[in-house]
Amino acid sequence: MVHGAYTSAWCWAATFMPYFCDRGYDVYAVSLRGHGNSQGRQWLDLWGLADYLADLRRAAAAIGRPLTLFGSSMGGLLVQRWLSAGHAGDAAVTIGSVPPTGMSHSIAGMLLGSPHGFAQVLQLAVSGVTNPHFLKLLAEQPMRSGAYDLHHRHLGRESARALWEMAWTPMVARCTPACPVLAVHGECDRMIPASTARHLGDFLGATVMTFEGIGHVPMIETELERVAEAIETWLALGERPLD
């Protein structure tokens, strides 16, 4: 499981990791360099998507078995680059992913439609500081019990280089992956519009699944199990379509 920008492996730890562990999966989550407890925070702005992809390759080598990759937001873009580079796996699931065409259209949409929300993202990107309202950018119905304290502690700055690359040079090639791909997106995503998920179908032949009432980070939604159950069902069916 690969996290998105501004965060670390914690975003999976309280919800999706135990959910899939309880159903018989061996589950691992990586904190990319400069994030969480990983090394390299002092050089955060030097790291780019290629460096994060190298972290993913090292994690995969350490696990040493075929993987089902989950990638959230920026992590979804890394999963796309992993697949377009020809890496194999059992399956891949992107969640609220940065589209293969980059973030430029999403940024323009936020500037026009939600300038206050864009200002909050910019504040986090520059200073690593956020406020209670930021949680509504991440989830439509965020978990209530200590939710803000938990997420506030684990949000922080992202690499300026990685943010630039996500916006303008995502470097994802059209390909036919060697495994089935599922693109999950919340219809209430305020960060990356659900309409962008169609690009994953165009670039990677992904099955696109959207969820009403779900925001950018389903793992912290009160209805997270609705999303997790659908993913689990898809994994069990493989490439066969859902009824």
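The values are calculated or read from the model by the stated rules, or taken from the named source; none is laboratory data. Here the structure is a predicted model, which means the values were calculated and not measured. Please note: Cβ atoms are built from the backbone with ideal geometry, for glycine as well, and neighbour counts cover all protein chains shown. Keep in mind that these areas ignore ligands, DNA and RNA; they rest on the heavy atoms of the full protein, side chains included. Shrake-Rupley method; radii C 1.70, N 1.55, O 1.52, S 1.80 Å.
Would you please name the residue that is most open to solvent (accessible area, probe 1.4 Å), looking only at residues in the range 44-59 that are over 18 Å from the mean Cα position of the chain (by Cα) and within 21 Å of residue 164 (Cβ to Cβ)?
Applying the filter and picking the extreme gives 46.
Would it be correct to say that residue 209 is surrounded by 16 or more Cβ atoms within 10 Å (Cβ to Cβ) and more than 17 Å from residue 93 (Cβ to Cβ)?
For residue 209, the condition - surrounded by 16 or more Cβ atoms within 10 Å (Cβ to Cβ) and more than 17 Å from residue 93 (Cβ to Cβ) - is not met.
Tell me, please, whether a residue that is without any contact (Cβ under 8 Å) to a residue 40 or more places away in the chain, on the phi > 0 side of the Ramachandran plot and not aromatic (Phe, Trp, Tyr) can be found in the range 173-194.
So far as the range 173-194 goes, no, none of its residues is without any contact (Cβ under 8 Å) to a residue 40 or more places away in the chain, on the phi > 0 side of the Ramachandran plot and not aromatic (Phe, Trp, Tyr).
So which residues in the range 60-83 are assigned to a helix (DSSP H, G or I) and buried (at least 18 other Cβ atoms within 10 Å of the Cβ)?
Correct list: 60, 74, 75, 76, 77, 78, 79, 80, 81, 82, 83.
Looking for whichever is open to solvent by 10 Å² or more (accessible area, probe 1.4 Å), among the hydroxyl-bearing types (Ser, Thr, Tyr) and within 13 Å of the chain's Cα centre (by Cα) here; the options are 15, 7. Which one fits?
On inspection, the qualifying residue turns out to be 7.
Quick grid of which residues meet (1) charged (D, E, K, R); (2) touching a His at 6+ places or on another chain (Cβ under 9 Å):
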residue: 65; (1), (2): yes, no
residue: 71; (1), (2): no, yes
residue: 82; (1), (2): no, no
residue: 88; (1), (2): no, no
residue: 91; (1), (2): no, no
residue: 97; (1), (2): no, yes
residue: 109; (1), (2): no, no
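Of all residues in the range 84-106, count the ones that are at positive phi and surrounded by 24 or more Cβ atoms within 10 Å (Cβ to Cβ).
Number satisfying all stated conditions: 1.
Out of the range 170-187, which residues are at pLDDT 95 or above and either surrounded by fewer than 16 Cβ atoms within 10 Å (Cβ to Cβ) or part of a helix (DSSP H, G or I) (or both)?
187
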